[in-house]
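For reference, the structure discussed in these notes is given below.
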Amino acid sequence: MSKQLSLKMPKARTERAEESKFILEASHLGQLLSALIGKGYRAIGPTVRDGAIVYDELHSLRDLPVGYTDEQAPGCYRLEKGGGRAFFNYTVGPQSWKKFLHPPSLRLWKADREDHRFQVVQEIEQTTKFAFLGVRSCELQAILIQDKVFMGGQFVDPVYQACRDNIFVVAVNCTKPGGTCFCQSMGTGPKATVGFDLALTEVLEAKAHYFVLEVGSKKGAEVLAEIPYRQADKKRIQTANRILARSAKRMGRAMDQTNLKELLYKNYEHPRWKEVASRCLSCANCTMACPTCFCTTVEDLTDLTGQHAERWRKWDSCFAMDFSYIYGGSVRRSVKSRYRQWMTHKLATWVDQFGMSGCVGCGRCITWCPVGIDITEEVRAIRGQTSKPKSPKSYKEKN
Amino acid sequence: MSISTENPMLTTPFRIKGVRKETHDTFTLELESQNGKFSFEPGQFNMLYVYGIGEVPISISSDPTKPDGRLTHTAREVGVVTKAMKQMRTGDTLGVRGPFGTRWPLEEAVGRDVVIVTGGIGLAPLRPALYQLIAKRNQYRKVVLLYGARTPDEILYQKELQKWGGEFDLEVHVTVDRATGAWRGNVGVVTTLISRALFDPSNAIAMVCGPEIMMRYTIQELGKRGISNERIYVSMERNMKCAIGFCGHCQFGPMFVCQDGPVFQFNQIAPFFGKQEV
Ligand SMILES: Cc1cc2nc3c(=O)[nH]c(=O)nc-3n(C[C@H](O)[C@H](O)[C@H](O)COP(=O)(O)OP(=O)(O)OC[C@H]3O[C@@H](n4cnc5c(N)ncnc54)[C@H](O)[C@@H]3O)c2cc1C
Ligand code: SF4
Ligand code: SF4
Ligand code: FES
């Protein structure tokens, strides 16, 4: 850490908030990326692929979706290159960071057979040090939720932990929430408050383009020390705050949290489950896109000689019929019971299991549902409120 | 124990020390760990891995009061993994991960009557409890075992059942759904035995394991006899892929059966037990 920095770092909570905020000129963002790569991180961030923003390796700032905006509505995602210089003027795409921390497919171990015996070989893979650039507040909360699942109980997932312990998080506060976003009502956004090493709020004005930067950890401060920055002034801080306050009011959706757990526990037999089941394709898109869904299955394989076996873990979904299979047949045979399981888990049983909701309001399950089923609308229906979900059109008008 | 705290997903090879055919589709495998030790609580299960085929939850069926003694599992052939398991022989190797899950309420039962109601393979997870009841017989009052099998040929642990009834002051009643051969005993579902069994409902603890439908009727009958839900314990079965709370498969309402169960005090799960497709 440089001397200059250690003077300015937040030493105590009593220090005025402004003093721990800095300005990073947009023209210096590339240096942040280089600093991370220089420190041995594999930098991952948003990039455009097949008409959507996905998370993949960033080699330079050119890989970022500069000038892109997205439009999201139930069952609908559209990416547009409107031009402009903004780096982060879109929200979350179909993927989430869980694809790195909790990979979709993972070999757990290998075994070698010799006569009647076999020996299990643990894979001691070198864990990649990931730097995640552009983590949204809801996504940070989703990571904290998966921390509970994989590291907060009686057993710890060593693969998750090894990866998790080594990540560097550059959060990006949301200045333009999407049509299916509802983090504000879930208390998970749009501004990152915990769990980051550095956090950025992008400000793009006629003659200025900069980030208001916050430091969340010692690791963050060490990286900051390697790039040009300056102390933030009041005016710029206020500008960033104003943008974020406005963004909190621009959520495409909302979910009323009042007694939500009790509501769902009371409504296992609500007629709405049957209604939603008539629309749901049981395709599992929602669970794959969801940043908190953690379910997996295992596959055991052998090679042709039978001398080598492997055990793989793969993402699974409670929407799959065989997910609940026991001798005699699956427990949840109907789509109705599977949708009920998914939504009740997210919003009710999850709270009893992990002490927090399983939903961070990122809206992915709404956008990526091929038939546009909207979890916020389903909650309203169970509450007996008949309000129609906002159409993509009304969202557009609002903005 | 055979769960690595460093990596609870790793299985440990155990040598098969003995194989015993119980009935036409059930068998007991005796396993030997490398250090000869394996401690567990009655009601707990292991994840058993058949090389290259798969891993399934199977309850431990041996005597917990002798941790240096035998480790056995009794399984029924119903599908891919259990079929492969049935073909295994002495000297083969099976992967073991465990023990996992909650125990039968043997401490809570001290000073009380104990009523055990089981159906089919459900006797296997209760055998360790029976061993413990017998080992500390004088700590308990009446011990009643009600057991239902489909046919006389499908009765598990036949010799032991006789011995328990004869030598250890257990009241053992066996019934079959369908009488065949020379069967002269009870015919009918196991729940019909409950109304006749001799125990003091105001001071009894019940332990129930069998198919869900059998447990449903058993709980009803026990309730009729006056045993409240807090004193009924059941062992639940759900699909399990990990046994350590990661895979999500075993969920039952807010419960993870692999960790919060498989043995539950019935009042804890009663709100979910009655519902369809939870
Ligand atoms: C806590 C617990 C204790 C058990 N104890 C015993 C026991 O002592 N003896 C016994 O015979 N059986 C027991 N079972 C049931 C046993 O696990 C299943 O019969 C076995 O998994 C079937 O596997 P299969 O591959 O032979 O069957 P298939 O029908 O081919 O199953 C395919 C896959 O589905 C899953 N699966 C199927 N049925 C079950 C099930 N009932 N529970 C969990 N996963 C399942 C398994 O992952 C299996 O690999 C127990 C189950 C649980 C949950
Ligand atoms: S349930 Fe839907 S909105 Fe909630 S976190 Fe998952 S994908 Fe996002
Ligand atoms: S809610 Fe939508 S995305 Fe989820 S399983 Fe049903 S159809 Fe697929
Ligand atoms: S068996 Fe995987 S969570 Fe219980």
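Brief remarks on what is shown
- Trypsin sites (Lys or Arg not before Pro) restricted to the stretch A:51-100 and DSSP loop, no more than 15 other C-beta within 10 Å: A:Arg85
- Around the Cα centre of chain A, unit charges on the Cβ atoms of Lys, Arg, Asp and Glu (plus for the first two, minus for the last two) sum to a dipole of about 1600 debye.
- Measuring heavy-atom accessible area with a 1.4 angstrom probe and counting protein chains only, the residues of the stretch A:320-356 that give up at least 50 Å² relative to the chain alone are A:Phe323, A:Ile326, A:Tyr327, A:Val331, A:Arg332, A:Gln353.
- If you take the alpha carbon atoms of chain B and fit the smallest convex hull around them, that volume is 129 Å³ per residue.
- Length-normalised contact order for the stretch B:123-278 - Cα pairs under 8 Å, 6+ apart - percent: 16 percent
- Label positions at B:Ser195 and A:Glu80, each projected 7 Å from the Cα along the C-beta direction, are separated by 7.4 nm.
- Rg/Rh for the stretch A:301-361 (Cα atoms only, Rh after Kirkwood) is 1.17.
- The A-B contact accounts for approximately 4000 Å² of buried accessible area, totalled over both chains at a 1.4 Å probe radius.
- Residue mean of other protein chain beta carbons inside 10 Å, B:246-259: 6
- In range of the label at A:Thr193: residues from the stretch A:215-229 whose backbone nitrogen is under 19 Å from the point 7 Å along Cα→Cβ: A:215-217
- At most 13 other Cβ within 10 Å, DSSP loop - GluC sites (Glu not before Pro), the stretch A:254-286: A:Glu269
- Heavy atoms of A:His270 accessible to a 1.4 Å probe, total area in Å² rounded to 10: 40 Å²
- Unit charges at the beta carbon, dipole of chain A: most positive-side option, A:Ala162, A:Cys362, A:Ala43: A:Cys362
- Residues of the stretch A:260-389: accessible area per residue with a 1.4 Å probe, Å²: 39 Å²
- Taking only Cα atoms of the stretch A:81-130, radius of gyration then Dmax in Å: 20.5, 66
- Placing unit charges on the Cβ atoms only, positive for Lys and Arg and negative for Asp and Glu, gives the stretch B:12-100 a dipole magnitude near 180 debye about its Cα centre.
- Solvent-accessible surface of the stretch A:10-142, taken per residue with a 1.4 Å probe and all protein chains present: 47 Å².
- Semi-axis lengths, Å, chain A, gyration tensor of Cα atoms, sqrt of 5 times eigenvalues: 36, 30, 19
- Our analysis of the stretch B:113-235 gives Rg over Rh at 0.93, with the two radii drawn from alpha carbon positions and Rh computed by the Kirkwood formula.
- The listed residues A:Arg164, A:Arg136, once ranked by accessible area (1.4 Å probe) with the largest placed first, stand as A:Arg164, A:Arg136.
- Placing +1 on the Cβ of every Lys and Arg and -1 on the Cβ of every Asp and Glu, with nothing else charged, gives chain B a dipole about its Cα centre of roughly 360 debye.
- The mean count of C-beta atoms from other chains within 10 Å of the C-beta of residues in A:152-159, rounded to a whole number, is 6.
- Global size of the stretch A:260-389 as Cα Rg and Dmax, reported in angstrom: 16.8, 61
- With R₀ fixed at 30 Å, the C-beta to C-beta distance from A:Asp352 to A:Asp165 puts the FRET efficiency at about 0.60.
- Tail beyond 24 Å, pair distance distribution of the stretch A:201-301 (Cα, percent): 60 percent
- Shielding by partners - mean other protein chain Cβ count within 10 Å, residues of B:232-243: 3
- q = 0.08, 0.12 Å⁻¹, the protein assembly as shown: log10 I(q)/I(0) [Debye, one scatterer per Cα]: -0.71, -1.23
- Heavy-atom surface analysis with a 1.4 Å probe gives the protein assembly as shown a carbon and sulfur content of 50 percent of its accessible area.
- Treating r as the C-beta distance of B:Glu107 and B:Gln220 and R0 as 30 Å, the FRET efficiency rounds to 0.65.
- Annotation: per residue accessible area for the stretch B:12-100 equals 39 Å², rounded to a whole number [probe 1.4 Å, protein chains only].
- Cα→Cβ-extended label distance, 7 Å offset, between A:Arg242 and B:Val80, nm: 6.2 nm
- Once the C-beta distance of B:Phe168 and B:Glu32 is scaled by a Förster radius of 30 Å, the resulting FRET efficiency is 0.65 to the nearest 0.05.
- Working from label points 7 Å from Cα in the Cα-to-Cβ sense, the B:Arg20 to A:Val54 distance is 5.6 nm.
The values are calculated or read from the model by the stated rules, or taken from the named source; none is laboratory data. Keep in mind the model is a prediction, meaning the values are calculated, not measured. Reconstructed Cβ throughout: ideal geometry from the backbone, glycine too, with neighbour counts over all protein chains shown. With ligands, DNA and RNA removed, areas are computed over all heavy atoms of the protein, side chains included. Shrake-Rupley method; radii C 1.70, N 1.55, O 1.52, S 1.80 Å.
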